[in-house]
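Note sheet for the following structure.
The values are calculated or read from the model by the stated rules, or taken from the named source; none is laboratory data. Keep in mind it's a predicted model, so treat the numbers as computed, not measured. Methodologically, a virtual Cβ is constructed for each residue, glycine included, from the backbone with ideal geometry; neighbour enumeration extends over all protein chains shown.
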Amino acid sequence: MLGTTVMTDDENHTTHFGFQTVPEGEKAGLVHGVFTRVASKYDVMNDLMSGGVHRLWKDAMMDWLAPRPGQRLLDVAGGTGDVAFRFLKRAPQASAVVLDMTESMLVAGRKRAEADRLAERLDWVVGDAMALPFPSNSFDTYTISFGIRNVTRIADALAEAFRVLRPGGRLMVLEFSRIPNDLMQKAYDLYSFNVIPVMGQVVTGDRDSYQYLVESIRKFPDQDTFAGMIRAAGFDQVKYRNMTMGVAALHSGWKI
């Protein structure tokens, strides 16, 4: 009707996009824009920002996950395939689906050499972590690395993770977190806010996207709070391990 504005639930509710407050309905598009812009340099920037340590964190994730032959993995916000490639290399006859909301990230992943060697066991799907396009009880393992903090409603994503996992299935989340030592956290904040956006400008020509990524880390719940959210979604045996003194954390939970 002319002159009438209908507000959806997403427009009535707000969330954060970095340090900005935005309508829930806008966040996914804003996040999509960030990762579309950085897709071609995403892996290079991960190495530069972390000094390559993110690779050790992902290896530690696989050590704790202990992939087994024949398992089916769903890697959400899987982008360029880092976690899925590691999983498949450790588990013969296993298969994986990489899901990401940003098609250009998946395209970058398919161009990697590992994608050709593992193509028969690997699928790439554009989709939303809050509304997964898969039947219930479809996967043995659900992983998400450095992606859960970008989801508009984290509780909805965790509920979807629980839904698509089979009984006995496992959730594992790798995400930036909080350093328990205040002085060390302040030093890390100085590095993050003063170095990473500048690095993003130099390498990708996009300072704003990396400013958002730094801010989004600070808005993410601490280890204990996030572990509580995983339990609230229905998971049991919820535990976490700090990586590099708490710069990142690995969270594990089981669908019993």
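Just give me the residues in the stretch 244-256 being surrounded by fewer than 15 Cβ atoms within 10 Å (Cβ to Cβ) and not in a helix (DSSP H, G or I), in sequence order.
Selection gives Ile256 alone.
Yes or no: Lys58 more than 21 Å from Ala157 (Cβ to Cβ), of a type in the set (D, E, K, R) and touching a helix residue (DSSP H, G or I) at 6+ places or on another chain (Cβ under 8 Å)?
So Lys58 does not fit the description; no.
So, Ala159, is that one surrounded by fewer than 19 Cβ atoms within 10 Å (Cβ to Cβ), under 16 Å from the mean Cα position of the chain (by Cα) and within 23 Å of Asn242 (Cα to Cα) or not?
Here the answer is no, as Ala159 does not meet what is asked.
One line per residue, one yes/no per condition, for (1) touching an Asp or Glu at 6+ places or on another chain (Cβ under 9 Å); (2) under 19 Å from Val173 (Cα atoms):
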| site | (1), (2) |
| --- | --- |
| Val38 | yes, no |
| Gly51 | no, no |
| Trp57 | no, yes |
| Trp64 | no, yes |
| Pro69 | no, no |
| Thr80 | yes, yes |
| Gln93 | no, no |
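Only residues that are touching a strand residue (DSSP E or B) at 6+ places or on another chain (Cβ under 6 Å) and hydrophobic (A, V, I, L, M, F, W, C): list them for the stretch 73-93, please.
From the stretch 73-93, those touching a strand residue (DSSP E or B) at 6+ places or on another chain (Cβ under 6 Å) are 73-79, 81, 83-84, 87-88; that's our starting set.
Within the stretch 73-93, Leu73, Leu74, Val76, Ala77, Val83, Ala84, Phe87, Leu88 qualify.
Would you mind finding the one in Arg241, Arg207, Arg166, Arg218 that is surrounded by fewer than 18 Cβ atoms within 10 Å (Cβ to Cβ) and free of Cβ contacts under 8 Å to residues at least 24 places away in the same chain?
Matching residue, one of Arg241, Arg207, Arg166, Arg218: Arg207.
Suppose we keep only residues that are assigned to a helix (DSSP H, G or I) and modelled with pLDDT of 80 or more within the stretch 17-36. Which one would you say is nearest to Met130 (Cα to Cα)? Break it down into steps so the answer makes sense when it comes.
Quick first cut of the stretch 17-36, residues assigned to a helix (DSSP H, G or I) only: 24-36.
From what's left, modelled with pLDDT of 80 or more: 24-29.
Details: Glu24: 13, Gly25: 13, Glu26: 15, Lys27: 13, Ala28: 11, Gly29: 14 Å.
Among those residues, the one meeting the criterion is Ala28.
Between a first residue in the stretch 96-124 that is more than 18 Å from Asn46 (Cα to Cα) and a second residue that is assigned to a helix (DSSP H, G or I) and among the β-branched types (Val, Ile, Thr), which pairs have beta carbons less than 9 Å apart while being 6 or more apart in sequence or on different chains?
From the stretch 96-124, the pairs are Ala96/Val83; Val98/Val83; Met101/Val31; Glu103/Thr36; Trp124/Val107.
Counting residues that are closer than 19 Å to Gly234 by Cα and in contact with a Leu (Cβ under 8 Å, 6 or more places away or on another chain), which strands (runs of 3 or more DSSP E) fully inside the stretch 75-174 reach at least 1?
139-145
Consider only pairs whose beta carbons are under 6 Å apart and that are at least six residues apart or on different chains; among these, list those whose first residue lies in the stretch 192-203 and is farther than 15 Å from Tyr42 by Cβ and whose second residue is among the hydroxyl-bearing types (Ser, Thr, Tyr).
Close Cβ pairs satisfying both conditions: Pro197/Tyr210.
List the pairs whose first member sits in the stretch 56-80 and is among the hydroxyl-bearing types (Ser, Thr, Tyr), whose second member is exposed (fewer than 13 other Cβ atoms within 10 Å of the Cβ), and whose Cβ atoms are under 7 Å apart, counting only residues at least 6 apart or on separate chains?
Close Cβ pairs satisfying both conditions: none exist.
Somewhere in the stretch 60-67, is a residue part of a loop (DSSP other than H, G, I, E, B), at pLDDT 90 or above and crowded, with 16+ Cβ neighbours inside 10 Å?
yes
So which residues in the stretch 183-226 are more than 16 Å from Ala248 (Cα to Cα) and either acidic (Asp, Glu) or not in a helix (DSSP H, G or I) (or both)?
Gly205, Asp206, Asp208
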